[in-house]
Each structure stands twice: as C-alpha cells, then as structure tokens.
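Participant: Dropping a structure here in structure tokens format, bear with me for questions.
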Amino acid sequence: MKKSLLFVILTVFLLFNLVGNPVSETEDSNNLTVYVYDSFVGEWGPGNKISKDFTSKTGISVDMISCGTAIQLLQRIESEGDKTPCDVVIGIEDSSILDSSLFSKVNSSINLAPTLKMDNNLVPFDYGAYSFNVNSNILEKKDWPKSLEDLTDSRFENKVILIDPRTSSTGQGLLLWTISAFGEEHYLDWWKMMKDNALTIADGWSSAYGLYTEGEAPIVLSFTTSPVYHAMYEDSTSYCSIPFTDGNYKLTEYGGILKTSKKQDQAQQFMSFILNEAQVDIATANSMLPANADTILPEAFNYADRPVKLFQLDKKYIEENLDKWLKDWALAMTE
Amino acid sequence: MQSNHQLVCKNIKASYPQFQLDLDFKIAGGKLVSLLGPSGCGKTTTLSLIAGIIPIQTGEIILNGRDITTLEMYKRKVGLVFQDYALFPNMNVKQNLSYPLKIQKISKLEINEKITNILSMVGLEGFENRDINELSGGEKQRIAIGRAIASSPDLLLLDEPLSALDANLRTNLRKEIKKIQKKTELTTIYVTHDQEEALSLSDLIIVMKDGKIQQEGTPETIYNKPKNLFVADFIGKGNTIELNSTEKLFFRPEKVLLSQEKPSDCLELKNVKIINTEYFGSTYASTGKYKNSYITFFSSTKINKAEINLYVKKRDTLFYKNGFLFD
Amino acid sequence: MKKKDLFYKISSLPAMVILILLFLIPLTGTLSKAFIVEGHFSFQQIIACLLDSYNLRVMAFTVKQAFLSTLLSLIIGFPGAYLLAKFNFRGKKAFRSLCTIPFILPSILVVLGFVIFYGNNGFLNNLLMSIFHLSNPPLKILYSFTAVLLAHSFYNFPIIINFVSNQWELLSDHPEKAAATLGSKPIKTFFKITLPRLMPSIISSCSLIFLYCFTSFAIILVLGGGPKFTTIEVEIYNLAKRRMDIGGAASLSIFSLIVSMLLLIIYLHFQKKATNQEVLLRPSNIKKTTSSKLKKILIIFYIVLLLFFILAPIISIFARSFITASSRADQIKSFTFNSYKEIFLPNQSVRIISSSTQAIINSLILAFVSSITSTILALGLCIGIKHKSSFFTELLVMLPMAVSSVIIGLGYLIIGRYFNSNFFFFLIVLAHTVIILPFAIKSLLPIYRSIPSSLTNASQLFGYSPFRTFFNVELPLLKNAIITSLSFSFSLSLGEMNATLILSNSKFVTIPTLIYRMINSYYFQGACALGSLLIIICFILFYFSQAIGRTNLAK
C-alpha cells in the first residue's frame, strides 16, 4: 500500500515538471505582443494566418494573446497600465470609452470605407452591420420580414432567435439598434412584442447561430456578412441576410498602438499590414467588411447584403445610459 | 511478580451527563480485576480513560511505574478488547494477529511462531487463513483476545467481551479467558454487568455505581459482606426485611432454612405466604410474602403448603443502617 | 476536549492552505469591491443590491429552479440508486457507467445534445413528424421552464445514483428485517426506516446538485427560452464581463453567497443529525434477484426509461458527429467519418488549427494530476473533519461551488498576474482541484465517518500512531470510495471548461476548450466528434474503475 502511494506521488511530480514547463518566451526585439479578443486568434479567426504572413514578410515574430471579449481586452490594458507588455491592440469596439492618451498615432493612411473615421488614434480595421439572417429553405423570400417592425408580426411566432444584450455584445448591438430605430420611449414595446415571436433569447451569438443552423428556427440575429462563410465554404446560398427598408445598425472594430510600447517602429509596420495585406483575411475570417475601401473581395462577398442605411448611436450617449437601458430591458422582459 | 502496584488510578474525576466519575484504585500486577456495575455507571468510560481514548482532565494514571496520564494511546502499552471485537475486516485472521506484532520489529519467523502459539492458546489452531467475516461470534472474540495479547501489553482491558454471545458460549469462554490470563500473568481489567461472570473470574471485584466505586474486594468478601445495600443487591439475589425506616436486615436466599421447628440461633419468619414457585431442574425457587417484604428461598422439593415458616441463622444475616453495613 | 494529535491537526492543512491562498484570498479581494463606493468604504452598494426588488425576484427564481431541479434529479435518480445497491443484473457495470456520463459533460454539449434531440428540428420531432405525417413539430419541449428542469436533472441525477447507491450498499438490512418481523409493511419500512438511514448521502448529493443548478448559466439561457428565467448568475455575468462593474457584480455575488450558504448550513445541519446506523464495512455481496413478475416489469420499465432519458442526447451527439449537415437545399445529409479524421489532422485551410490529439493528451494528463491531487487533499480534509469535526472546514470546502464561476474567474485573473506563464499548468491543476474538491469530499466523507472508532482506537492501542493507523487500517476500507472519488474527479477534470477557459492561453488546449472553440466556429460536427470521444473515454474509465473496485469482494 505504501509503495504504490509513493509511486503515485512521484508520478504526479514528474508530470508536473514534464508538462508544466513550456518553452519560455524570449524577449527579443524582433517580437511584437499583440492583444486580441478570443475569436480573433481562435481556430476560426484570422490571427494565426496574419501572424505567419507578417513574420514571413518582415521577419518580426508576433505573439498574439487572447484576452477574452473585447471589453475584457480593454480592461486588461487599463489595469496593466504602464507595465503592459502589449504593443498593439486589435479589437476595440466602438461602444467602449477610450482614453486617447493611451495610443500613438498610426502612420498608415488608407482609403477608409464610407462612414468610417479615425477615432482617438485608433484605426478601424473592419466594420459590419447587424442584420437578421434567414434560412431561405424554410422561409421563402416573399415571406421575409421587411423591417424591425415587420418582425413583430404574428406570422413569425416562434420563428426568431434573439440574443440577450446582457450577456453578449451582439445582443447589445440589437438593443442599441432598437433604441436607435424606435427611441427610448418605444424600444421596449418592440421587445415586448417580440416575446411571442422569439423562439429563445440565447446567451450569445454562437448558441444563437448554432440553433439556427440546426434548423430550430428560420430567422436569427447575426451580421450582413454571415452568408459569406456559407457561400465560400459550403457552396451554399440558402442562408441569406434580410435587407431591411430602414437600414441596419453598424459596428466597427479598431486597432491601435500603445504609447508605452518600446517597439513603435515594428508596431507601425504591423498596423500597416493589418490595414492592407491582411484586409481580405480579416474580412473573410471575421465575416465583416474591410475598412480599407480599396480591398478586392472574393466573389462570395456579393452574398452579403449591402445595407440601405448604416447608423449608430453616439458613444457618449451609450455610455451614459447603457446601464439604465439594460436594467429597464431586464425589468420589461422578466415581468 | 512485582510487589509494587501495577496500575494506579489516582483521583480521577470527570463530569458526565449521567454521572460524575470519581475513581481512586490500585491493581496489583498479574491480577484479574472486574469492574462490575449496571449499565451507564461509567465502567466503559473508565476503560476509555485508562486506554487514552478519552483524555483525562483531573487525576493521574500510573502503569508499571510510568505516568501515562497525558500519553498518547499508541504509547501506553495498554491492550483493549472492544465489545464489537474491532477486528480489521479487510485482513484475515493471520493478518489481524500479526498486526500488533509487525510494529514490534521482530522477525517474520518469530511472528509466525507467536501466531501459532496464540491460536493454540485461544483454541483456534489452523485458523490462520480464515476470513474474519466468516467467523462465528465466539471465534471472533477469541481472535480479538488473542490479538490483544499478541501486543504484549502492560495492562489488558476487556470491555464486556462476552455480552454478545449465548449463555453456553459465555460460560465456556469465560473459563478460557481465565485460563489465558493465568497463563500470561497479564494484569487485566474485565468490565461486565454480569455478576456471575465477575464472581467466577475475578481476583478482585470493583463495584461501581453512578461513576463511583461502591466497594473493592475479593468475590467472597463482596458477596458475603457487601458494604451497602446496592452492592448487596447487585452481586446476587437477596432478601431484605425492613425493620424500620433506616434499618434493614439482609440475607441470601440459599441461607434460608426450611424446618419443622425453629433451629438454634435463628431468625424466625412465621407464616410466610407462598406466592409462586419456579422449577430450575436442580432446585425449586419460591417467593413468599412476609409482612411487607418478599422472601426468595430454595428447596429441593416442591412447596405444597400455602404458608410456611422460614428460618435464617443469625450469623448469616447482615444488618444495614441507612443503607450501610453495620458490623 | 478534542483529540490532540499532530497528524489530525495537520492533515487538513494542505487543502486548507490551497483553498485559502488560491481561492479565499482572491475571492475576498474581488468581493471587497462591493464595499467600495466611489473610493471609500460603504455598505451603500450592497444594501441597495439586497433590497432591489428586481434582484429579489431574480433570486427567488434562482432558488426555485434550483430547488425543483434538485427534486426532479432526486426522483429520477433514486430508483436507480435502489437498483444498483440491491440488485445484480447483466450489464450492470455498463448501466452504471452510462448513468454517470451526463454529469461530466461540459454544459455546452448538454445544450447541444438536447437541441439535437428534443429541438423543434430535432431527431424526436422529425421522427414523429415522419411517422404521423405532421407538418409542424408536435413536441415543443425546449425553450421552456420544463426544458431547464429536464436538462438540469439529466446533468445531475448521476450524483444521486452514485452517492446514494454507494451508501445504500454499505447499510446492513437488519433494521429492515427487524421491522418486518414487527409487522411493518414494506412501504412503511421504507419511509420510516430506510429513508432516514440514507439521509447523509441524500443530503450530500442534493446540496451539491442544488449548488450546481444555482449557478447554472448556459443551460438556462438557451434552453429556457428567454430572460423570464434570468438567474443571479446571468446578472453577475452581465455586470462583471460586459459592464465591467466589478463592484456591482461583487454585491450580487455576496447576495448569492448568503442565500446559498444559508441553505448549505441547513443541509449540513441535517446531515449531522443523521443517526448512527448499522454499517457494513464492505458492500454486501448478497443482492436480490427478484422473482416477482411485476417487479421485473417495473425494473425493466425504469431502466428503459432512464436509458432513453440519458442516451437520447448522448446518442444525438454521436449521431451528429457523423452527419455533415449542409445548408444547401439540394444536399442530403451525408453520413461520414470525416469529422473524426479532421479533428485529428491539423488542417491549415479553414477550421482546425490545433489537433485534437494534443487536446486529448493535455486533458488526460491534467485530469490525472488533478484527480490524484484532489483525492489526496480530500482524504486529508476528511481526516481533519472527522477527528476535529469542523463545521467551518466543511463549509469552506463547498464554497467554490457556491460562488459564481465568473467571480472565481476574476479572482484567478488576479492570481494569474503573480505567476508567469510557466506556472499556468500548475495553476490550472490547482483550479481544477479546488473545483473538484467538494465532490471528492462528498464521496469520501460519509464512508470515512462510518468506520467505527473502535477500529481506529484498536490500531492505536497496538502501538500504531494515528498516521500509521490511517494508512494501515482506515485507508484499505476506503478503497471503493477512493476509486469513486478518483474516477469522478478524473472525469470532472476532463469535462471542466469554465476555469480552464479563463486560465489557459491558446497554446494549452484541453478537450472542452477545443469543443468550445469548435462550437464558436459553429463547427458542430467536429464538436460532436470530440464530444463523442470524451464520452467514450469516460465510459471506459467508469467501467473499469468499477471492475477494480469490486474485485476485492470476489475473494
């Protein structure tokens, strides 16, 4: 009994040492640390390919560190302060308050797509629009909803998958969209009317979209560019983005160089790469539209719906009221 | 054997919900002492204190010259045979017996030899490889005793070892235990509530009630000269006659004489009304009412009369004043 | 006066140290933010939080769904416990292994399994629609409160089955036999005698299940169908992860902690009161084989129902891994092994960049180390608890389960800064250990407590110190419980996702994190393939651990 126990303890310690010591990262000057959000560097994200391509072009190696969600990204940088090892940040969303003094000016100048602009030394690298996607195999084009308001019609009962704004940025986007469209007085009415039409209000985009692709309901909240993926990799055009007569809510993603970085030169090269050579990869992988208006996109992008109108609420307005809106929303929906 | 006392319990005091323990006694080496008393009088508690299962608040325990009062259990060299035998269920007989031997750092050969000896001492030769769970109650008890002896303790404690066994087994095992104790010359404390057991086994009996020692003495002394009425009643059947509110007369049933006329130097109990008679094979035991008391007596033939005169030799009676023996 | 011995005093120390350093301290750090309003100490925030009517409503619902889920799990699992404890039948080991699988699945797989099977477009509905020629799905089980309860009990009934049957096996049936001779009818005997004797394990398992359901997240949101079923966890998640309002999240977390701790204390109190019973020290070999036809039918009925309940979502996951679903109208769903190939071969082009091989190896090593660590620590804690009966210790150990995983995650982020990346494996192991510990203890403690003190005392009187007594006498009697603890801990670690996601970087993949990533890339087929492998590994594990555990009975 004792001998086997000893053996077990030894094995445990051996394993600890074996697996617990990955090769330590060398801090050399030809290495950039880039903070990104989870899905950027995940299996499906553009991160890995971009890192490889950049390194083979410039010889500078890239360390992409995923920091969770876009908001956690920001929090991490703020809490790390001056000592942050981060050189470049990719993935700040426009709904967050930013301290402009944190970032250096980006030297690249590109032809920005319409409605985009530089923001406090942060450069947009892609943008997109929220939209409702539909499975045209189940719902014929003639039956599609034409606007947010149309979506509340009783013919869509249990046919729409929505997303919770408290747990998901996509859901939050929809909330802001409704506020933008109906104003603070009436947006909750839309949501209340949607209660019957919503099959479920999922915790995040992946659950929601998953339920959609599994056929649980024909309409889901997603992005205008979501159909691109299916066109490119599944050779399928069944999933479509519904064009709304009154336009779509916009979202923009930004990147920036931290002032505290000691590798300003390399960082500038990286940002330039992001804004030029990497645009196609980013757009494809992120299912978004490239910020660089000169980018030539694959044909599949024709299946992305071009919104009639793109709009967005003012950043400060959002930040001042978001807590209240979320609270009101929760109260209204849990009655 | 040593002339100094093997076990000394000095001034042991402890407070419990059912009783206040207050002990002070000595046990000479090599003797078998019974702790006798009704359930809940503190016998098992006493054993636990001596073994170290319960820590001592007040008092001292000295064993073989060593002060073991604050010593941990595993350093006391006290052996205890538990009521539930406490045999290790995942080990067979041999492994159970060798358990205390292994820690003594003796060779394997010696261990095997000792085990054979112990098994023959308890009358279970050849039981080495038996599964504990397949043994009968009596066999388990014997192995438990054997195991305790194997540990060569300075003191052996037995906690009502036979109470779970049937009558026949009890009487037989009792003799074996006495035999083993005499052979090993182990100082032994034997806890029981059975007075017959205590009388037959012990060199010395300590009678307890409510945590306090009522009387210490040889079996004969305790039986024939019980210090108080409690002991008198507990140690064997007895008859009590109330003389007045504070004075009582006490005598054993076997001392009651049946006679046609009054024998010399006797107490006469006239016109005792017979209430019932029980047949025990070797004797008849009858109960009769005399004034306000019930008298039990024995006879070799059945009592047919409704009333009878009974006699007790005065020297066979004990006089108790306020519950205590008045000599 | 308690026993004073060094061994008993220090045996729970390692676990306590880890719990305090790696959990309690970061936790209090995070929770203290609830008391800081605008830079200075104040109760204002937390009082406002506790009195808010919305919060109270949400809390009431959280308690309600946890309570009902626990009840349902108990009802579903209890007959199974009876079956396993009292009967022998062919395929028993397989049945038991199957019954344990749901518990170790990451919650996302559970959700997935349910959607695939019970969904509007799921197997069940499609089957019924084709059989009865319906145009609309007849069973609208999902996206409702019922679905939440169902999913929760699917997830948790294995706890009841395993814990209760473990204890039941060790109860001698003398009291029941005695009752029968006194004229007590079987049902009366059951309620008056058997049930009270089973209380320790019933209460242990119910308290665990309650806590799991209390802090449940994904299942409620997706399968519940909407914010109507908001729980406190959702609100905490919202505040901590999205609003970055740590103070607010901390306040809610404290609220949540108070409620769950109160309930836990009540539970533990009842557990202590459970009477001493006649215990066997090894599971009884004597099992019934019933001749009663009615009983046989009932048993078969229950087994079939249970298998359906368990297997349905599991088989869906298996099945889905073979089917390439496509959105093209003209493409039929095709049956293929492709996904299994794909997840193992790193495929640069599109989907998978890290191979499942690495994930499996990492997970196995992690699980191996974590399970051993937590079992050893749990044993230490059991020793300490039994001999020094510390209520506080028991409560502290259960604490990680009562705290929102989001808050724990925040705490770990803080710790993570003090460790450089080389230690992250160490950190993950410890995180897993903390999470697994309550479970290991619950499997070991009741059994350990039932070892008669006379055995321990006897050994010590023979000269064995408490330390040696533990190894020579008590440990062998815990063999079965240890095996249960190890195999459950192992599987728990294999399926652990939340803490691992927070702590690991993208280089260290485990099976669940890879499944999570695949689902996020909506590569469901691959997620199901890897999930199926996880299920198979766990099944084999449980099956063989039973075989090892029970060979010593065959002697």
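Participant: Answer with yes or no whether residue B:15 is without any contact (Cβ under 8 Å) to a residue 60 or more places away in the chain, farther than 27 Å from residue C:468 by Cα and within 14 Å of chain C (Cβ to nearest Cβ).
Facilitator: Considered against the rule, which asks whether it is without any contact (Cβ under 8 Å) to a residue 60 or more places away in the chain, farther than 27 Å from residue C:468 by Cα and within 14 Å of chain C (Cβ to nearest Cβ), residue B:15 comes out as yes.
Participant: Still on this structure, I have one more. Would you mind listing the helices (runs of 4 or more DSSP H) fully within region B:21-135 where at least 3 residues are free of Cβ contacts under 8 Å to residues at least 12 places away in the same chain and not small (Gly, Ala, Ser)?
Facilitator: Numbers: elements: B:43-51, B:93-102, B:108-121.
So the answer is B:108-121.
Participant: Restricting to region A:187-240, name every residue that is among the polar types (S, T, N, Q) and more than 7 Å from chain C (Cβ to nearest Cβ).
Facilitator: Within region A:187-240, A:197, A:222, A:224, A:225, A:226, A:237 qualify.
Participant: Quick check: is even one residue across region B:98-119 out of contact with any Pro (no Cβ under 7 Å at 6 or more places or on another chain), crowded, with 18+ Cβ neighbours inside 10 Å, of a type in the set (A, V, I, L, M, F, W, C) and modelled with pLDDT under 90?
Facilitator: No, the conditions are met nowhere in region B:98-119.
Participant: Follow-up. Test residue A:79 against the criterion of being part of a helix (DSSP H, G or I), among the polar types (S, T, N, Q) and either at pLDDT 80 or above or in contact with a helix residue (DSSP H, G or I) (Cβ under 7 Å, 6 or more places away or on another chain) (or both), and give yes or no.
Facilitator: no
Participant: Contact list please: Cβ distance under 8 Å, first residue in region A:151-176 and within 10 Å of chain C (Cβ to nearest Cβ), second residue acidic (Asp, Glu) and assigned to a helix (DSSP H, G or I), pairs at least six apart or on different chains.
Facilitator: Here the result reads A:158/A:196; A:166/C:235, each pair linking region A:151-176 to a residue that is acidic (Asp, Glu) and assigned to a helix (DSSP H, G or I).
Participant: Criterion first (of a type outside the set (A, V, I, L, M, F, W, C), closer than 18 Å to residue A:174 by Cα and modelled with pLDDT of 85 or more) does residue A:243 satisfy it?
Facilitator: So residue A:243 fits the description; yes.
Participant: Considering region B:72-127 alone, what residues qualify as being of a type in the set (Asp, Glu) and within 24 Å of the chain's Cα centre (by Cα)?
Facilitator: B:84
Participant: Pairs, please: C-beta under 9 Å, at least 6 apart or cross-chain, first residue within 21 Å of residue C:216 (Cβ to Cβ) and in region C:35-59, second at pLDDT 85 or above and among the basic types (Lys, Arg)?
Facilitator: C:54/A:327
Participant: Among the residues of region B:63-75, is there at least one that is within 11 Å of another protein chain (Cβ to nearest Cβ), among the basic types (Lys, Arg) and in contact with an Asp or Glu (Cβ under 6 Å, 6 or more places away or on another chain)?
Facilitator: For region B:63-75, residues within 11 Å of another protein chain (Cβ to nearest Cβ), among the basic types (Lys, Arg) and in contact with an Asp or Glu (Cβ under 6 Å, 6 or more places away or on another chain): absent.
Participant: On to the next question. Cβ-Cβ under 7 Å, sequence separation 6+ or interchain: first residue in region B:268-284 and in contact (Cβ under 8 Å) with a residue 12 or more places away in the chain, partner loosely packed, with under 10 Cβ neighbours inside 10 Å and of a type in the set (D, E, K, R). Which pairs?
Facilitator: If the second residue must be loosely packed, with under 10 Cβ neighbours inside 10 Å and of a type in the set (D, E, K, R), the pairs left are B:274/B:305; B:277/B:302; B:284/B:302.
Participant: Could you check, for region A:288-298, whether at least one of its residues is free of Cβ contacts under 8 Å to residues at least 60 places away in the same chain, outside the structural domain of residue A:181 (by TED's automatic domain parsing), β-branched (Val, Ile, Thr) and outside any helix (DSSP H, G or I)? Even if it seems obvious, please write down each step before you answer.
Facilitator: First, pick out the residues of region A:288-298 that are free of Cβ contacts under 8 Å to residues at least 60 places away in the same chain: A:295-297.
Checking the rest, the ones that are also outside the structural domain of residue A:181 (by TED's automatic domain parsing) come to A:295-297.
Retained after the next criterion (residues that are β-branched (Val, Ile, Thr)): A:295-296.
After this cut, where a residue has to be outside any helix (DSSP H, G or I) as well, the list is A:295-296.
Yes: one or more hits.
Participant: Turning to a different aspect of this structure: Given the condition more than 23 Å from residue B:187 (Cβ to Cβ) and at pLDDT 90 or above, answer yes or no: does some residue in region B:59-81 qualify?
Facilitator: Taking every residue of region B:59-81 in turn, none turns out to be more than 23 Å from residue B:187 (Cβ to Cβ) and at pLDDT 90 or above.
Participant: Any idea which of C:27, C:109, C:83, C:21 is under 19 Å from the mean Cα position of the chain (by Cα) and either assigned to a helix (DSSP H, G or I) or under 25 Å from residue C:435 (Cβ atoms) (or both)?
Facilitator: C:109
Participant: With A:291, A:304 as the choices, which residue is of a type in the set (Gly, Ala, Ser), more than 30 Å from residue A:140 (Cβ to Cβ), touching a helix residue (DSSP H, G or I) at 6+ places or on another chain (Cβ under 8 Å) and surrounded by 15 or more Cβ atoms within 10 Å (Cβ to Cβ)? Spell out the reasoning first.
Facilitator: Details: A:304 fails: more than 30 Å from residue A:140 (Cβ to Cβ).
Being of a type in the set (Gly, Ala, Ser), more than 30 Å from residue A:140 (Cβ to Cβ), touching a helix residue (DSSP H, G or I) at 6+ places or on another chain (Cβ under 8 Å) and surrounded by 15 or more Cβ atoms within 10 Å (Cβ to Cβ) holds for just one of A:291, A:304, which is A:291.
Participant: Just the residues that are within 14 Å of another protein chain (Cβ to nearest Cβ) and either closer than 25 Å to residue B:40 by Cα or free of Cβ contacts under 8 Å to residues at least 40 places away in the same chain (or both), please, taken from region B:151-177.
Facilitator: If the condition is that a residue be within 14 Å of another protein chain (Cβ to nearest Cβ) and either closer than 25 Å to residue B:40 by Cα or free of Cβ contacts under 8 Å to residues at least 40 places away in the same chain (or both), then B:155, B:156, B:157, B:158, B:159, B:160, B:161, B:164 are the ones that fit.
Participant: Looking only at region A:117-176, filter to residues that are in a strand (DSSP E or B) and of a type in the set (A, V, I, L, M); which one of those is surrounded by the most Cβ atoms within 10 Å (Cβ to Cβ)?
Facilitator: A:163
So that you can scan it fast, the table gives a plain yes or no per residue for (1) in a helix (DSSP H, G or I); (2) modelled with pLDDT under 85:
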site	(1), (2)
C:184	no, yes
C:189	yes, yes
C:200	yes, yes
C:208	yes, yes
C:213	yes, no
C:219	yes, yes
C:234	yes, yes
C:239	yes, yes
C:247	yes, yes
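Participant: When you scan region B:151-172, do you find a residue that is assigned to a helix (DSSP H, G or I), buried (at least 20 other Cβ atoms within 10 Å of the Cβ), on the phi < 0 side of the Ramachandran plot and touching a helix residue (DSSP H, G or I) at 6+ places or on another chain (Cβ under 7 Å), even just one? Lay out the reasoning, then the answer.
Facilitator: First pass over region B:151-172, keeping only residues assigned to a helix (DSSP H, G or I): B:167-172.
If we keep only those that are buried (at least 20 other Cβ atoms within 10 Å of the Cβ) as well, we get none.
Within region B:151-172 (the criterion being assigned to a helix (DSSP H, G or I), buried (at least 20 other Cβ atoms within 10 Å of the Cβ), on the phi < 0 side of the Ramachandran plot and touching a helix residue (DSSP H, G or I) at 6+ places or on another chain (Cβ under 7 Å)), the answer is no, since none of the residues qualifies.
Participant: Is it the case, given these coordinates, that residue B:303 is touching a residue at least 12 places away in the same chain (Cβ under 8 Å), hydrophobic (A, V, I, L, M, F, W, C) and not in a loop (DSSP other than H, G, I, E, B)?
Facilitator: Criteria not met by residue B:303.
Participant: Here is a follow-up. Going residue by residue through region B:134-148, is there one that turns out to be more than 24 Å from residue B:170 (Cα to Cα), of a type outside the set (Gly, Ala, Ser) and modelled with pLDDT of 90 or more?
Facilitator: There is no residue in region B:134-148 that is more than 24 Å from residue B:170 (Cα to Cα), of a type outside the set (Gly, Ala, Ser) and modelled with pLDDT of 90 or more.
Participant: Another one. Among the residues that make up region C:96-109, is at least one of them touching a residue at least 60 places away in the same chain (Cβ under 8 Å), of a type in the set (A, V, I, L, M, F, W, C), over 22 Å from residue C:498 (Cβ atoms) and more than 14 Å from chain A (Cβ to nearest Cβ)? Let's see the steps before the verdict.
Facilitator: To start, the set of residues in region C:96-109 that are touching a residue at least 60 places away in the same chain (Cβ under 8 Å) comprises C:96-109.
Next cut, of a type in the set (A, V, I, L, M, F, W, C) only: C:98-99, C:101, C:103-105, C:108-109.
Filter once more, so that each one left must be over 22 Å from residue C:498 (Cβ atoms): C:98-99.
Those left that are additionally more than 14 Å from chain A (Cβ to nearest Cβ): C:98-99.
Checked region C:96-109: at least one residue is touching a residue at least 60 places away in the same chain (Cβ under 8 Å), of a type in the set (A, V, I, L, M, F, W, C), over 22 Å from residue C:498 (Cβ atoms) and more than 14 Å from chain A (Cβ to nearest Cβ).
Participant: So, one more: What number of residues in region C:1-53 are more than 30 Å from residue B:55 (Cβ to Cβ), surrounded by 13 or more Cβ atoms within 10 Å (Cβ to Cβ) and among the acidic types (Asp, Glu)?
Facilitator: 1
Participant: Based on this model, can you work out whether residue A:284 counts as more than 14 Å from every other protein chain (Cβ to nearest Cβ), of a type in the set (S, T, N, Q), crowded, with 16+ Cβ neighbours inside 10 Å and closer than 29 Å to residue A:134 by Cα?
Facilitator: So residue A:284 does not fit the description; no.
Participant: With the requirement that a residue be buried (at least 20 other Cβ atoms within 10 Å of the Cβ) and outside any strand (DSSP E or B), what does region B:228-251 give you?
Facilitator: The answer is B:231, B:232, B:234, B:235.
Participant: Return the residues of region C:138-155 that are surrounded by fewer than 20 Cβ atoms within 10 Å (Cβ to Cβ) and within 11 Å of chain A (Cβ to nearest Cβ); say none if nothing qualifies.
Facilitator: Result: C:140, C:144.
The values are calculated or read from the model by the stated rules, or taken from the named source; none is laboratory data. Being a predicted model, the structure only gives us computed values, none of them experimental. Methodologically, a virtual Cβ is constructed for each residue, glycine included, from the backbone with ideal geometry; neighbour enumeration extends over all protein chains shown.
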